Amino acid sequence: MRQNNLASVLDVLRRESVTRSALVASTGLTRSTMAGLVAELAELGLIDEITPVATGRPGRPSPLVRLVPGAVAALAIDVSVTRLSVGLVGLDGRTISVSERDGDRSNESPHATADAVAEMAQRIGVGSDSCPLLVGAGVAVPGLVRERDAHVVVAPNLGWEDVAFAELVAGTIERRLGVCLSVDIGNEADLGALAEARFGVGRGTRNVVYIHGDIGVGGSIVVDGARFPGGSGYAGEVGHMVINPYGSPCRCGARGCWETEVGERALLTRAGLDPTGGSAAIDALVEGAVSGDPIVLAALGETGRWLGIGLAGLINVLDPDLFVLGGMFEPLLPFMSECLEAELMERRFGPVERTVPVVAAELGIDALLIGAAELVLARAMADPAGAVTFGG
Ligand SMILES: [Zn+2]
């Protein structure tokens, strides 16, 4: 009971700093219970109270209860094909510090990646005295993750098969930095969806399909507020639904998967740019689109059409309330939406007035780090006293 109450107070404070009265109102607890909970969380070093700047209105403003910035954090790791990011993410879902390394890692071994992770973790202070209390580490990978043993079953664009990556990262960090952390791992689209649902554009929406695009295209289906796992836990691999049977071969071994038409390489090829150019090439593409480059705009239009064809099918099957597009789609969506919407109009089935909004994700380049951290933070904050006392 007390543990649940502590968790619900933190749940409110993770969204915003509020007065004690607002905490009482939103949790439904009594004032005296709340006083005890606030004292206990302050004792744990998780929260404090600050006096806001006077507003000019009569009377003194009430103090706000807030999370102590940087007191507790999760180590977050985003292994994408063209960029490795390692960061510290606080309880409020904000990144405290991030280290990034660009470069094609499509043939890098899991061991080499784990070594790079440890090195970058050290660079952002893990193992030093200035590091916040870490309650664990979370990893986002572009592949299928088996929940039972946290193995990466397959990550086609990394060339990984059956890799115990969470274990490998935990072992490498312990050996190289002397820090013992429990490491969780999840699919990048699932973690992007988790981050957007908690802190971004998906807040408060019950049925959402989140689609993450870069080299590969992943998806996560949220039904009535919870991730739909499917029979084996691998639901949502929308990037590998066949959309063009006469299209290009996919890294998964099939032909004409959705990601071969809407993934980064297809888009860059259409725009006449280096398909292996990674995030720098995508930045150049965004610049080209902003300045009205006709070849870039045509490439985005064509990609938008393929996106629309796939989304129309997903509407007919899943009937979501909202599509959230993340990764490289986030900055590019405004330049694709006209062609995308035209496909949706043409292919939709059902009442004319029925439309499903397609919106860009909100959390930007750090979304997967925030999602990877949330995997750890959400569980730790369900038992804050345990997490803080034992460090995760
Ligand atoms: Zn495929």
Problem - Scope segment 231-249; condition within 10 Å of the ligand (Cβ to nearest atom), part of a loop (DSSP other than H, G, I, E, B) and over 19 Å from ARG305 (Cα atoms); matching residues - result: GLU237
Problem - Residue in segment 199-213 that is within 15 Å of the ligand (Cβ to nearest atom), in contact with a His (Cβ under 8 Å, 6 or more places away or on another chain) and on the phi < 0 side of the Ramachandran plot present - result: no
Problem - Options ALA170, ALA164, ALA150; residue that is more than 21 Å from ASN107 (Cβ to Cβ), surrounded by fewer than 19 Cβ atoms within 10 Å (Cβ to Cβ) and in contact (Cβ under 8 Å) with a residue 12 or more places away in the chain - result: ALA150
Practice task
Report, by residue number, each residue of segment 1-52 that is without any contact (Cβ under 8 Å) to a residue 40 or more places away in the chain, more than 17 Å from GLY93 (Cα to Cα) and assigned to a loop (DSSP other than H, G, I, E, B).
Solution key: MET1, GLY28, LEU29, THR30, THR51, PRO52
Fill in the blank from the handout: Within segment 56-113, of all residues that are part of a helix (DSSP H, G or I) and in contact (Cβ under 8 Å) with a residue 12 or more places away in the chain, the one nearest to LEU41 (Cα to Cα) is THR113
Practice task
Output yes when any residue across segment 270-293 is within 16 Å of the ligand (Cβ to nearest atom), charged (D, E, K, R) and under 23 Å from the mean Cα position of the chain (by Cα), and no when none is.
Solution key: no
Exercise for the section: Check ASN187, ASN157 and return the single one that is within 16 Å of the ligand (Cβ to nearest atom), over 17 Å from the mean Cα position of the chain (by Cα) and either surrounded by 24 or more Cβ atoms within 10 Å (Cβ to Cβ) or under 30 Å from VAL359 (Cβ atoms) (or both). Expected result: ASN157
Practice task
Go through segment 209-230 and count every residue that is over 18 Å from GLY364 (Cα atoms) and either of a type in the set (Val, Ile, Thr) or assigned to a loop (DSSP other than H, G, I, E, B) (or both).
Solution key: 8
Problem - Among (1) surrounded by fewer than 23 Cβ atoms within 10 Å (Cβ to Cβ); (2) touching a Lys or Arg at 6+ places or on another chain (Cβ under 9 Å), the one test that ILE370 misses - result: (1)
Exercise for the section: Within segment 260-269, track down each residue that is closer than 21 Å to ASP102 by Cβ and more than 10 Å from the ligand (Cβ to nearest atom). Expected result: GLU264, ARG265, ALA266, LEU267, LEU268, THR269
Problem - Which listed residue is under 18 Å from the mean Cα position of the chain (by Cα), among the small types (Gly, Ala, Ser) and either in the same structural domain as GLU374 (by TED's automatic domain parsing) or surrounded by fewer than 20 Cβ atoms within 10 Å (Cβ to Cβ) (or both), from ALA112, ALA140 - result: ALA140
Practice task
Could you figure out which of (1) in contact with a strand residue (DSSP E or B) (Cβ under 8 Å, 6 or more places away or on another chain); (2) more than 10 Å from the ligand (Cβ to nearest atom) isn't true of CYS257?
Solution key: (2)
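The values are calculated or read from the model by the stated rules, or taken from the named source; none is laboratory data. All values reported here derive from a predicted model rather than from experimental measurement. When we count neighbours, we look across all protein chains shown, and the Cβ atoms used for this are built from the backbone with ideal geometry, even at glycine.
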